[in-house]
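Below: one structure, written as structure tokens.
Taken together, the values in this text are just the output of simple stated rules run on the coordinates, not laboratory data. The model shown is predicted, which means the values in this text are computed figures rather than measured ones. Reconstructed Cβ throughout: ideal geometry from the backbone, glycine too, with neighbour counts over all protein chains shown.
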Amino acid sequence: MGKRVAIVGIGYSTFRTTSQDVNYREMIFDAAFKCYEDAGVKHPREIDAFVATSEDFMEGVSIADEYVPDQLGAATRPVESITGDGIQGLAAALMQVQTGQLNLVAASSFSKASNVIDYYNVVSYACDPTYIRPLKEHPYFIAGLEMMKYLHGTGTTKEQCAKVAVKNKENALDNPNAAYGSLVSVEDVLNSPMRFDPLGLLDTCGDIDGAIVLLLASEEKARELNKEPIWINGIGWGTDTPNLDSRINFGAEAQYAKLAGQKAYKMAGIKSPKNEIDFAEVDDTFTYKELQHLEALDICAPGDAGKLLEQGAFSSKGTFPVNVSGGSLGMGYSHEANGTQKVMEIVLQLRGEAGKRQLDGVKTGLAFAWRGIPTATGAAVILSKDK
Amino acid sequence: MSGVEKVYGGTGLSASQVEDGSIFVEHDALDCEYTWDAGVAIGRYLQELKNGRIIGRECDECRRILVPPRMFCEICWRPNDRWVYVKDTGTVNTFSICYVNWDASRIEPGHPPHLPAVIELDGATKMIGIMHILGEVDPQAIKIGMKVKAVWKPEEERTGAITDIKYFKPY
Ligand SMILES: [Zn+2]
């Protein structure tokens, strides 16, 4: 681990399924303005550099980085764009601070998913043009294949997966930033329209629009600013092969999550994740993904996540709360901001600003995001506050 | 000047190599649709264009009048303050005479070239301009600094788009 870096500011817009009243610039300005104010930074000229995550196909403009600066206060300033998850953007910002040349770096990510008329086409273009696209399958069939293999390989049941949706959607009711909070039963999930067997409609999260901006500081700078620093102890990301048919133990195990977790744990000096981490926000784009990711991240043994979930271990009052925010199933899926959304919840919890869903005595949290269908890329980050 | 374009394309594979099947390619065409939310600033801008007017936003700190409008001042880093109508007359800031179409095809000899220009609008802050096109003008007579005026579409044809102004012409 190099120099210590902390998150010293956070700002976010509202999170809603649609946002016709603001364009993406106004939405990001809202988040950036609140973030700098949160940190006690009066003007973005005090910030040394800016990192934005964006994905051209989601925005419908190419070279989207050119559209980033104004709403971050970054016009005429150093700006870098990352085509990846928000946690990968966070890693880029972290490394900039760790060079020792920069003291304050902002990292932004956002979703205007409601503006993409045919999202599935966008996902389809992420699939291999020779091996997959000619089959003319809706790209989510990949999740169906993977879930089938996961259930088969680990003995996890569809009921256990359904309970992930029940838990996360209920958690979301206590989160004002969540758009998909509801009380659903296991039967509701199991009886929801089957889409890509065994994956049903309620096993799948819905989209949201929203923007999140984080401000990172060197240790010295962090001590000068308003807020209690939330330290980035470890960060890591990993990618498996793009060939679905030759991924290691496809489905049963999420290699990318394992790789990302191991790297982040090593950097943070964590030997026993479930004992040294208090809670986690873990990608639940599909119900089975939460369980699969918890196992890959070594929070429990392979095949145990479903059982532990049923015993209540991952509930808000459990021994290791997972997705107290509601996760993507409860908050909604924010695409490039997926990981940042999870980081946001960890920061709010560690600061004691999580309102009705505040966890008691949490000091260290894990955020993990998957880059979504059809990728095998994931990113993990460990955050903590001063003991 | 316009004319037939000589192409210096470099050396590639021959079409026959693809046609005879000795080389395989994958072909697909992009098919993505978007509806970009205009939001507060651009939404009002488009609404006013439909009304036959051009509107900007004024920042009380730097005193700039921004056209097209945005709701915040990126320099002062604050929400800006008020809506201000500007005139539909202005000055050519820069321009180009373009002999190539949108799809990269060459404009046929004898057809008029495209005339994109940056217009600094009267009433907006100096150096702040909108991109548009020039019309009713001899391309060779266009000069930086030339005074121009908007030529609007008839009211019933306006849709709330920058093309509600057909072009700017000298006056
Ligand atoms: Zn200003």
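The value of relative contact order for chain A, using C-alpha pairs under 8 Å at least six residues apart, is 24 percent.
Per-residue Karplus couplings for region A:225-237, computed as 6.51 cos²θ - 1.76 cosθ + 1.60 with θ equal to phi - 60°, are listed in order as 8, 4, 9, 4, x, 10, 7, 8, 7, x, 8, x, 8 Hz, Gly and Pro entered as x.
If one puts a single equal scatterer on every Cα of the protein assembly as shown and applies the Debye formula without solvent, what log₁₀ I(q)/I(0) results at q = 0.06 Å⁻¹? Summing over Cα pairs of the protein assembly as shown leads to -0.36. Ordering of A:284-297, A:170-183, A:98-111 by packing is A:284-297, A:98-111, A:170-183, highest average first (other Cβ atoms within 10 Å, averaged per residue).
Quote the relative contact order of region B:39-170 in percent (integer), defining contacts as alpha-carbon pairs under 8 Å separated by 6+ residues. Please list the in-between numbers first.
Values: 268 pairs, mean separation 32.9, N = 132.
Once normalised by length, the contact order is 25 percent.
For chain B, the longest principal axis of the Cα atoms and the long axis of helix B:39-50 meet at an angle of about 90 degrees. Counting every other Cβ atom within 10 Å of each residue's Cβ, B:TRP36, A:TRP370, B:TRP102 order from fewest to most as B:TRP102, B:TRP36, A:TRP370.
Give A:LYS221/A:LYS258; A:LYS34/A:LYS356; A:LYS112/A:LYS158 a once-over and call out the pairs whose C-alpha atoms are over 29 Å from each other. All intermediate terms of the calculation are to be shown ahead of the outcome.
Numbers: A:LYS221/A:LYS258 33 Å; A:LYS34/A:LYS356 21 Å; A:LYS112/A:LYS158 32 Å.
Violating the 29 Å Cα-Cα cut-off are A:LYS221/A:LYS258; A:LYS112/A:LYS158.
For A:ALA52, nonlocal amide neighbours, meaning residues 5 or more places apart or on other chains whose placed amide H falls under 5 Å from its own, are A:GLU80, A:SER81, A:ILE82, A:SER108.
Listed here are the pairs A:LYS167/A:LYS317; B:LYS6/B:LYS143; A:LYS136/A:LYS289; B:LYS50/B:LYS147; A:LYS3/A:LYS342; which of them are more than 18 Å apart at the Cα? Beyond 18 Å: B:LYS6/B:LYS143; A:LYS136/A:LYS289; B:LYS50/B:LYS147; A:LYS3/A:LYS342.
Rounded if a/c is under 1.5, else prolate if a/b is larger than b/c, else oblate: which is region A:126-264, with a ≥ b ≥ c the root eigenvalues of its Cα gyration tensor?
Working: a/c = 2.09, a/b = 1.37, b/c = 1.52.
Oblate shape, in that a/c is at least 1.5 and b/c is the bigger or equal ratio.
Partner aspartates and glutamates whose Cα lies under 14 Å from the Cα of B:LYS169, excluding those fewer than 8 positions away in the same chain, are identified as B:ASP88, B:GLU120, B:GLU136, B:ASP138.
Which of B:ILE119, B:ILE144 has the fewest other C-beta atoms within 10 Å, and how do the rest follow up to the most?
B:ILE144, B:ILE119
Judged by the ratio a/c of the largest to the smallest principal axis of the C-alpha gyration tensor, region B:1-139 counts as prolate, that ratio being 1.5 or greater while a/b is larger than b/c. Working note: Karplus 6.51/-1.76/1.60 with θ = phi - 60° gives region A:314-321 the couplings 9, 6, 4, 9, x, 6, 9, x Hz, where Gly and Pro are set to x.
Can you sort B:ILE165, B:ILE142 from fewest to most other Cβ atoms within 10 Å of each residue's own Cβ?
Values: B:ILE165 20, B:ILE142 17.
Final ranking by Cβ density, sparse to dense: B:ILE142, B:ILE165.
Rounded to the nearest 10 degrees, the angle from helix A:141-154 to the longest Cα principal axis of chain A is 70 degrees. Candidate cross-link partners of A:LYS274 among the aspartates and glutamates, defined by an alpha-carbon separation under 20 Å and a same-chain spacing of 8 or more, comprise A:GLU253, A:ASP283, A:ASP284, A:GLU290, A:GLU295, A:ASP298, A:ASP304, A:GLU310, A:GLU345, A:ASP360, A:ASP386. Relative to the first principal axis of the alpha-carbon coordinates of chain A, what is the inclination of helix A:255-268, with its axis defined by its Cα atoms, in degrees from 0 to 90 and to the nearest 10? Approximately 40 degrees, to the nearest 10.
For the peptide B:64-74, the mean number of other protein chain Cβ atoms found within 10 angstrom of a residue's Cβ is 3.
Peptide B:38-45 shows a mean partner chain C-beta count of 4 within 10 Å per residue C-beta. In this structure the amide hydrogen of B:ALA117, modeled in the peptide plane, comes within under 5 Å of the amide hydrogens of B:HIS132, B:ILE133, B:LEU134, none closer than 5 places in sequence on its chain.
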